[in-house]
Amino acid sequence: MEKSLKERVLSGDRVTGRLHIGHYVGSLKHRVELQSQYETLVMLADVQALTTHFDRPELIRGHLFDVALDYLAAGIDPEKSFIFVQSMVPEIAELTVFYSMFVTVNALRHNPTVKAESKGSGLDEMYYGFLGYPVSQAADITFCKATIIPVGEDQLPHLELTRKIVRRFGELYRPVLVEPRAVVGDVPRLAGLDGHGKMSKSQGNAIALDSSREELESRIRKAVTDPARVRKDDPGHPDICPIYSYHEAFRPEGAAEIRESCTKGTIGCSGCKKLVAAAIDGLLEPMRERRAFYEQRPERVKEILLAGTDRARELGKETMLEVREAMGLDYFFR
Ligand code: ATP
Ligand code: MG
């Protein structure tokens with residue numbers, strides 16, 4: 001299929017751990033769908049991972065190839081998409097510095113996602129890089145002039161900031177950047193196994209995409225359900241049960257029936273969990289095959305990352321020329 005030359009897709013993930021089924025329904029699935037239509041860039045966000053893991057860079061290094069494998073396993077096709085490493089594209093860092101001059105500290109302090117994450121991060125104080133990561137994210141999106149951004153709901157405040165930065169840049173200098181729009185997943189915020197907030201790789205409440213069938217079943221078995229259900233025939237409350245939300249996400253065709261039998265107390269939690277585990281296993285099975293293929297070919301994975309990073313740099317250089325020109329900082333290199 002001929003790809004649109006007008007629009008570009010960008011999204012990425014912090015390299016803080018293996019990707020999970022929340023990433024799949026929130027964003028990965030859409031990236032896989034969009035890659036046939038648009039030039040798609042997928043970013044291994046190692047710099048953004050440093051905002052909370054600056055004291056553990058070895059962990060980021062350890063996860064880089066794992067997350068790349070997660071992408072390939074989930075169906076990101078290296079023939080259609082570019083996978084690149086954030087820290088290897090210096091233009092992103094350059095843009096971050098330029099943008100940070102006209103973004104106020106107050107705007108960042110009031111960002112609801114930054115607030116929620118700073119509470120959950122375990123960091124004792126607010127760090128400059130952490131507070132500013134939405135600015136860096138604006139650079140991630142604009143360095144390649146991406147317009148379509150498949151993300152989970154937690155990213156919407158950041159997208160709004162990016163749009164503001166693009167407009168402000170245009171007013172201050174010249175309108176050479178483009179405003180992106182979010183494409184939020186069918187399940188914009190998959191609940192965690194612990195029933196507290198969203199599934200998140202750094203909270204230990206996730207089902208990783210590389211789970212074996214046994215791991216998957218055991219994680220689901222231990223998951224929190226409606227605390228009011230002690231005996232099998234106690235009536236349940238699907239709306240507060242993370243397992244029910246997985247039915248909606250992974251076997252929507254059977255969700256109405258589960259809602260009814262849970263509410264009436266005619267299905268027990270263990271039977272309900274088995275059904276959803278089987279559906280998730282059906283999603284993960286083809287991923288296991290693709291993962292095994294690339295796991296046996298580490299040199300190929302490296303080539304894919306090198307090619308993706310080269311393309312990202314090429315786009316970054318083009319944008320930086322325009323940005324410098326717009327700002328009048330193009331002193332003597334032309
Ligand atoms: P961390 O805990 O390290 O921040 P995370 O699980 O929040 O990890 P990110 O790398 O921050 O994952 O997010 C990558 C992308 O996946 C973002 O677009 C985010 O919105 C989306 N995403 C993350 N968690 C979920 C979820 N539970 N449901 C839907 N989308 C999600
Ligand atoms: Mg996150």
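Expressed as a whole percent, the proportion of Cα-Cα pairs in the range 75-153 lying more than 15 Å apart is 65%. Against the compact-protein benchmark of 2.2 N^0.38 Å, the Cα-based radius of gyration of the range 62-198 scales to 1.13. Extent along the principal axes, Cα only, for the range 1-96: 45, 32, 20 Å, with the longest axis given first. About its Cα centre, the dipole of the chain is roughly 320 debye, where the only charges are +1 on Lys and Arg Cβ and -1 on Asp and Glu Cβ.
Percent of C-alpha pairs per 10 Å bin in the range 213-291, short distances first: 19, 52, 22, 6, 0. Taking all protein chains into account, the per residue accessible area for the range 85-136 stands at 55 Å² (1.4 Å probe).
Residue order by solvent-accessible surface for D154, D310 is D310, D154, largest first, with ligands and nucleic acids left out and a 1.4 Å probe. Converting the Cα gyration tensor eigenvalues of the chain into ellipsoid dimensions via √(5λ) gives semi-axes, longest first, of 38, 22, 18 Å. Over the chain, dividing the summed -39,500 (n - 2.57) contributions of all DSSP H runs of at least 4 residues by the number of residues returns a 222 nm mean residue ellipticity of -16500 deg cm²/dmol. Taking all protein chains together, F332, F293 sort by accessible area into F332, F293, largest first [probe 1.4 Å]. Rounded to the nearest 20, the Cβ-based charge dipole of the range 234-308 about its Cα centre (Lys and Arg +1, Asp and Glu -1) stands at 260 debye.
Distance from the alpha carbon centroid of the range 202-230 to that of the range 183-199 works out to 14 angstrom. Taking all protein chains into account, the per residue accessible area for the range 213-291 stands at 57 Å² (1.4 Å probe). Ellipsoid fit via the Cα gyration tensor, the range 167-253: semi-axes of 39, 16, 12 Å, each the root of five times an eigenvalue, largest first.
Descending by average beta-carbon neighbour count within 10 Å, the peptides 141-152, 162-173, 69-80 line up as 141-152, 69-80, 162-173, the highest first. The ratio of the alpha-carbon radius of gyration of the range 65-119 to the globular-protein estimate 2.2 N^0.38 Å is 1.63. Distant-in-sequence amide contacts of T40, defined by a placed amide H-H separation under 5 Å and a gap of 5 or more residues or a different chain, comprise V9, F82. Among beta bridges from DSSP that stay inside the chain, the antiparallel ones total about 10%. When the Cα positions of Y71, P112, V276 are compared along the charge dipole of the chain, P112 comes out farthest toward the positive end, with charges on each C-beta of Lys, Arg, Asp and Glu. Summarising the label geometry, the points placed 7 Å from Cα in the beta-carbon direction at D233 and D124 lie 5.6 nm from one another. Using a 1.4 Å probe on the protein heavy atoms, what percent of the accessible area of the chain belongs to carbon and sulfur? Reported share for carbon and sulfur atoms: 54 percent.
Annotation: lysines with alpha-carbon distance below 26 angstrom to K6 (same-chain offsets under eight excluded): K29, K80, K145, K164, K317.
The values are calculated or read from the model by the stated rules, or taken from the named source; none is laboratory data. Everything numeric here is computed off the predicted structure, so don't read it as measured data. Here the Cβ is made from the backbone with ideal geometry for all residues, glycine too, and neighbour counts use every protein chain on show. Accessible surface areas use protein heavy atoms only, side chains included; no ligands, DNA or RNA. Shrake-Rupley method; radii C 1.70, N 1.55, O 1.52, S 1.80 Å.
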